[in-house]
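Colleague: Mind looking over this structure? Questions follow.
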Amino acid sequence: MVNRATYQAAKIVAPTLEAHFANHLAEANAKGEIDLAPQPPARVIEAILDAAFWASLRKEEGHSPKISIAFLPPEQAGKPLIFNHTLPLNPNVLTKLAPGVERGGIHIGVWHDGYKLHIWGTTLNIPNYCFVVDVSEPGLLVIKHRRIYGFGKYTNVAVLKGDQIKIVEEQSAASADCPSILLSLLDLTAHSYWNDSANVLIQLAVSMRAHGRGGSVLVVQNGTDDWKQSVIHPISYALEPVFMGLADLIHKDNPDSSEIFWQSALKREVDHLAGLTAVDGATIISDTYELLAFGAKTGRANSSGHIQELSYSEPIAGGEAVVVHPAKIGGTRHLSAAQFIYDQRNAQALVASQDGHFTVFSWSPTLNMVQAHRIDTLLL
């Protein structure tokens, strides 16, 4: 039906991705789910990845392509934009088309005529478990699908960076102490909502990572000042009263407003908060999303010792947990966050590096130590 790929990583990963989508679609069908995407065969996955990869290495008027490709027929696309004539799926066409479809939420629609793959147009709407390939920088492909429930990020399945292949491993969240943000990113939670705790933290993590300056957020228990024992005083930007912008939006019940309005308002508040994380020091919020301070320097609590080890893992194949010293997984931000969680065991820390790495720190009662989950593979 399609030409074979010349991008070797596409050939290697295609059978695994075919099995992933086949399993999820079969489970969804068995549960009676509706609006399900077609099953992408390995040869189709291989061809789409091949075209996307070689397109990512080209430039159009000095700009690298930033595109999203979805495998579906136009009749499953809601209100699609359909070309008068279909276009061949190849790097040249994708590169030429890229400037017009680089905004978030726009997908290039790809289907087949029984023999060859072609581009039929664009769409803003795709069905559940639709095979999607995002290209955001040269040589970087993210394979994902729309989650069956919930507002926000798509669920990542694999990341290809040149010849590096990272397959997301859902079983990595088997621990009883797994943070809710990781469960939600792996699409392992029950029906979730746009304003639930895990989704808000995901949106905050994505926004933090987007500004590219690095930063950290410490999420502390509402109604307690214990966290102040682990912060150096005076705090450069302590807030009095606390800022309630995000908290008020999340907890306010307003059935007269549309969900789209609330999603837009939520994004503004999340981006506002994420912007403050670029200031040197940690941003501190309560678990009910009150902004308490930013630019805070953390230190070891008087009643605590120095953290000596933590459990470090990444939710990909081969990313099993290892016990290491905190200094082995990152710089000052990571070490400070690990010490803070060691002292404040009801807290959680989100740390973004300037190079795009993103780590979630929390306390594991089961392991009796700090656990660090690197999740940037899931945030792309």
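The values are calculated or read from the model by the stated rules, or taken from the named source; none is laboratory data. Since this is a predicted model, take the numbers as computed values, not measurements. Heads up, the Cβs are rebuilt from the backbone with ideal geometry, glycines too, and the neighbour counts pull from every protein chain shown. These accessible areas exclude ligands, DNA and RNA; they are computed on the full protein's heavy atoms, side chains included. Shrake-Rupley method; radii C 1.70, N 1.55, O 1.52, S 1.80 Å.
Colleague: Which number in (1) at pLDDT 90 or above; (2) over 20 Å from the mean Cα position of the chain (by Cα); (3) open to solvent by 10 Å² or more (accessible area, probe 1.4 Å) marks the one condition that His211 misses?
Modeller: So His211 meets the others, but not (2).
Colleague: Another question, then. Being free of Cβ contacts under 8 Å to residues at least 40 places away in the same chain and under 26 Å from Ala5 (Cα atoms) is the filter; apply it to region 51-61 and report the residue that is surrounded by the fewest Cβ atoms within 10 Å (Cβ to Cβ).
Modeller: So in region 51-61, the residues free of Cβ contacts under 8 Å to residues at least 40 places away in the same chain come out as 58-61.
This time we only want the ones that are under 26 Å from Ala5 (Cα atoms), so: 58-60.
Values: Arg58: 16, Lys59: 12, Glu60: 14.
Only one residue fits best here, namely Lys59.
Colleague: So, in region 314-342, exactly how many residues are buried (at least 18 other Cβ atoms within 10 Å of the Cβ) and of a type in the set (Gly, Ala, Ser)?
Modeller: Residues flagged as buried (at least 18 other Cβ atoms within 10 Å of the Cβ) and of a type in the set (Gly, Ala, Ser) within region 314-342 amount to 5.
Colleague: Pull out all pairs, ordered by first then second residue, where Cβ-Cβ is under 7 Å, the residues are six or more apart or on different chains, the first lies in region 343-354 and is open to solvent by 10 Å² or more (accessible area, probe 1.4 Å), and the second is of a type in the set (Gly, Ala, Ser) and assigned to a helix (DSSP H, G or I).
Modeller: Partner pairs satisfying both residue conditions: Asp343/Ser230; Gln344/Ser230.
Colleague: For region 74-99, how many residues are closer than 30 Å to Val206 by Cβ and either surrounded by 13 or more Cβ atoms within 10 Å (Cβ to Cβ) or at pLDDT 95 or above (or both)? Can you show your working first?
Modeller: As a first pass, look at region 74-99 and keep what is closer than 30 Å to Val206 by Cβ: 74, 76-81, 89, 91, 93-99.
Narrowing further to those that are either surrounded by 13 or more Cβ atoms within 10 Å (Cβ to Cβ) or at pLDDT 95 or above (or both): 74, 76-77, 80-81, 89, 91, 93-99.
Within region 74-99, residues that are closer than 30 Å to Val206 by Cβ and either surrounded by 13 or more Cβ atoms within 10 Å (Cβ to Cβ) or at pLDDT 95 or above (or both) number 14.
Colleague: Let me ask something else about it. Can we say Ile69 is surrounded by 18 or more Cβ atoms within 10 Å (Cβ to Cβ) and not assigned by the TED database to the domain that holds Ala205?
Modeller: In short, yes.
Colleague: Can you go through Leu239, Leu204 and tell me which one is crowded, with 17+ Cβ neighbours inside 10 Å and modelled with pLDDT of 90 or more?
Modeller: Leu204
Colleague: Can you pull out the strands (runs of 3 or more DSSP E) entirely within region 80-162 that have at least 3 residues that are closer than 23 Å to Lys267 by Cα?
Modeller: Numbers: elements: 81-88, 107-112, 117-123, 132-137, 140-145, 155-161.
Passing ranges, in order: 132-137, 140-145.
Colleague: A further question on this structure: State yes or no: is Thr359 surrounded by 15 or more Cβ atoms within 10 Å (Cβ to Cβ), without any contact (Cβ under 8 Å) to a residue 60 or more places away in the chain and in a strand (DSSP E or B)?
Modeller: yes
Colleague: Still on this structure: List the residue pairs whose Cβ atoms are under 6 Å apart, where the first residue sits in region 71-100 and is in contact (Cβ under 8 Å) with a residue 24 or more places away in the chain and β-branched (Val, Ile, Thr), the second is open to solvent by less than 30 Å² (accessible area, probe 1.4 Å) and part of a helix (DSSP H, G or I), and the two are 6 or more positions apart or on different chains.
Modeller: Correct list of pairs: Thr95/Ala55.
Colleague: For region 26-50, how many residues are part of a helix (DSSP H, G or I), more than 19 Å from Asn92 (Cβ to Cβ), open to solvent by 10 Å² or more (accessible area, probe 1.4 Å) and not charged (D, E, K, R)?
Modeller: Residues flagged as part of a helix (DSSP H, G or I), more than 19 Å from Asn92 (Cβ to Cβ), open to solvent by 10 Å² or more (accessible area, probe 1.4 Å) and not charged (D, E, K, R) within region 26-50 amount to 4.
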